[in-house]
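Below is one structure, written out as structure tokens; the observations come after it.
The values are calculated or read from the model by the stated rules, or taken from the named source; none is laboratory data. Bear in mind that the values here come from a model prediction, so they are computed numbers and not experimental data. In this analysis, Cβ positions are derived from the backbone assuming ideal geometry, glycine residues included, and neighbour counts consider all displayed protein chains. Heads up: the accessible areas ignore ligands, DNA and RNA and are worked out on the full protein's heavy atoms, side chains in. Shrake-Rupley method; radii C 1.70, N 1.55, O 1.52, S 1.80 Å.
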Amino acid sequence: MSARRGVEAQRVASFGTTVFTEFSKLAVECQAVNLGQGFPDFDGPAELKQAAAEAMAQGKNQYAPMLGVPELRHAVAAHAQRFYEQTVNPDTEVVVTSGATEALLDAILGLVDPGDEVVLFEPWYDSYFAGIQLAQAVPRMVRLRPPDLGHAAWWFDEGELKAAFSNKTRLVLLNTPHNPTGKVFLREELELIGQLASKYGATVVSDEVYEHLVFAPARHVRTATVPNLADRTLTISSAGKTFSYTGWKVGWALGPAPLVRAVAKVHQWATFATATPFQHAVAKALMLPDTFFRDVVREYHQRRDLLARALTEARLPPYVTEGSYFLMVDTRAYAFDDDVAFCRWLTRDVRVAAIPPSAFYAEAHKGHAAKLARFAFCKSGPVLEEAARRLGRAKENRIKSGEHPAVNA
Ligand SMILES: Cc1ncc(COP(=O)(O)O)c(C=O)c1O
């Protein structure tokens, strides 16, 4: 081994420990209510646990087929037809992966060559940027801007989007509903993306893991159903968010056969197959009646509103969340240098943990997140109520902490 070279490959050298690790540790040390982590503190439907246990008891414990068990591939296709009138061939147009995270990386590695450009919206879900780096591709970022007097929801500048495209654009990475902003992309926005992707011959990867967590009047539009996009879009989703079993790590990619084949080529050498009994359980999950999907939204709506009220009272007004289970708040009433300092204080002194959204921005753009914090509301009622009580005392704590004499006027 050369003395000058570390053990790590160049492609991972810039990867640090994620802020999630720091804040989860701090939350435990400070006995904070953890609204940082983006996973539920409750289980999904008991019948799905039962289905996984039954699959194990029935001996469904060996490697699944590389593309996924037929029951799940058929259920993914039936779900696409039922909710989006999207016709999908379960034999050639679906591949099951170990969570959406694996599908995303497989898609990037399977569809992009080194030096190709990838258009993505910033802030991004953190695995996107890492995936682009692993593929040695070039990110072209388009900034999502917070709601303002002229915009009721998070928005982007059309000119900026157009300028991000070039003849080198190979892929567009989209996430709707969007983590961390809660934006649900409008049909017109997707149409514009479709026109540009079509003009430059780019493939679109649409991460729709929060597809069922959308709050009226917002409506989820499946990217692949928009003109120009059907034949160039790979849709990615997973069971984690909708069914509250994030630990099962069952995800999938669906779309035109050539795109699915590219994903499967990476998948077969990355994990080859995904946990068999959980695939059988998720096949049942996707067939749950409409009432299940309606109830999930209703319950999340209540959680969102409970937390949003508490945050507003604590002078942390949330921006509108149209979908997902996150609230982004405006922290300008509290005079901290940046989002990391604010979230550390909130975790230590108020004992409520949130995530500093600069984690979802490139190094040069972290300043855009200086006055933002992200709260997850995928938590049970009593936990959210305790967070609300603590947030109610946030202003007093701020004054007592002495570090900064008072909240801003
Ligand atoms: C936008 C987005 N995509 C993908 C994932 C990961 O999904 P999975 O747990 O299925 O790998 C998450 C999880 O937080 C997410 O927020």
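For the reader, a short list of remarks on this structure follows.
- Elements of type strands (runs of 3 or more DSSP E) contained in region 106-220, each with 2 or more residues being basic (Lys, Arg) and in the same structural domain as GLY251 (by TED's automatic domain parsing): 138-143
- One residue stands out among those in region 190-222 that are surrounded by fewer than 20 Cβ atoms within 10 Å (Cβ to Cβ) and within 19 Å of the chain's Cα centre (by Cα): the one that is farthest from the ligand (Cβ to nearest atom), which is ARG219.
- Qualifying residue in region 285-295 (condition: touching a helix residue (DSSP H, G or I) at 6+ places or on another chain (Cβ under 9 Å), within 16 Å of the ligand (Cβ to nearest atom) and under 18 Å from ALA46 (Cβ atoms)): yes
- Taking the criterion of being closer than 22 Å to LYS379 by Cα, of a type outside the set (Phe, Trp, Tyr) and either out of contact with any Phe, Trp or Tyr (no Cβ under 7 Å at 6 or more places or on another chain) or within 9 Å of the ligand (Cβ to nearest atom) (or both), the residues of region 229-250 that qualify are SER237, SER238, ALA239, GLY240, LYS241, THR242, THR246, GLY247, LYS249, VAL250.
- A count restricted to region 77-87 and to residues that are in a helix (DSSP H, G or I) and loosely packed, with under 15 Cβ neighbours inside 10 Å stands at 2.
- Exactly one residue out of ASN179, ASN167 is of a type in the set (S, T, N, Q), buried (at least 22 other Cβ atoms within 10 Å of the Cβ) and modelled with pLDDT of 95 or more: that is ASN179.
- Residue check, ARG140 within 17 Å of THR203 (Cα to Cα) and of a type in the set (Lys, Arg): yes
- Residue match in region 88-107 (condition: more than 16 Å from the ligand (Cβ to nearest atom), over 24 Å from the mean Cα position of the chain (by Cα) and crowded, with 18+ Cβ neighbours inside 10 Å): yes
- The residues in region 230-263 that are outside any helix (DSSP H, G or I) and crowded, with 24+ Cβ neighbours inside 10 Å can be counted, and the count is 13.
- Total residues in region 224-274, condition under 24 Å from PRO45 (Cα atoms), of a type outside the set (D, E, K, R) and either out of contact with any Lys or Arg (no Cβ under 9 Å at 6 or more places or on another chain) or not assigned by TED's automatic domain parsing to the domain that holds LEU190 (or both): 11
- Whichever residue in region 131-153 is more than 16 Å from HIS365 (Cβ to Cβ) and of a type in the set (A, V, I, L, M) and, among such residues, is farthest from the ligand (Cβ to nearest atom): LEU149
- A count restricted to region 115-146 and to residues that are under 13 Å from ALA164 (Cα atoms), open to solvent by less than 30 Å² (accessible area, probe 1.4 Å), in contact with a helix residue (DSSP H, G or I) (Cβ under 7 Å, 6 or more places away or on another chain) and not acidic (Asp, Glu) stands at 4.
- Where THR321 falls short, out of the listed (1) open to solvent by 20 Å² or more (accessible area, probe 1.4 Å); (2) at negative phi; (3) in contact (Cβ under 8 Å) with a residue 24 or more places away in the chain: (1)
- Hey, ALA153 within 30 Å of ALA9 (Cα to Cα) and either at pLDDT below 95 or of a type in the set (Gly, Ala, Ser) (or both) or not: no
- Residue tally, condition farther than 17 Å from ASP207 by Cα and in contact with a His (Cβ under 7 Å, 6 or more places away or on another chain), over region 110-137: 0
- Pairs, first within 23 Å of THR101 (Cβ to Cβ) and without any contact (Cβ under 8 Å) to a residue 60 or more places away in the chain in region 152-179, second acidic (Asp, Glu) and open to solvent by 60 Å² or more (accessible area, probe 1.4 Å), C-beta under 8 Å, six or more apart: ARG170/ASP113
- Listing of helices (runs of 4 or more DSSP H) fully contained in region 312-409 that carry 3 or more residues being assigned by TED's automatic domain parsing to the domain that holds SER24, at pLDDT 95 or above and under 20 Å from LEU26 (Cα atoms): 339-345, 381-392
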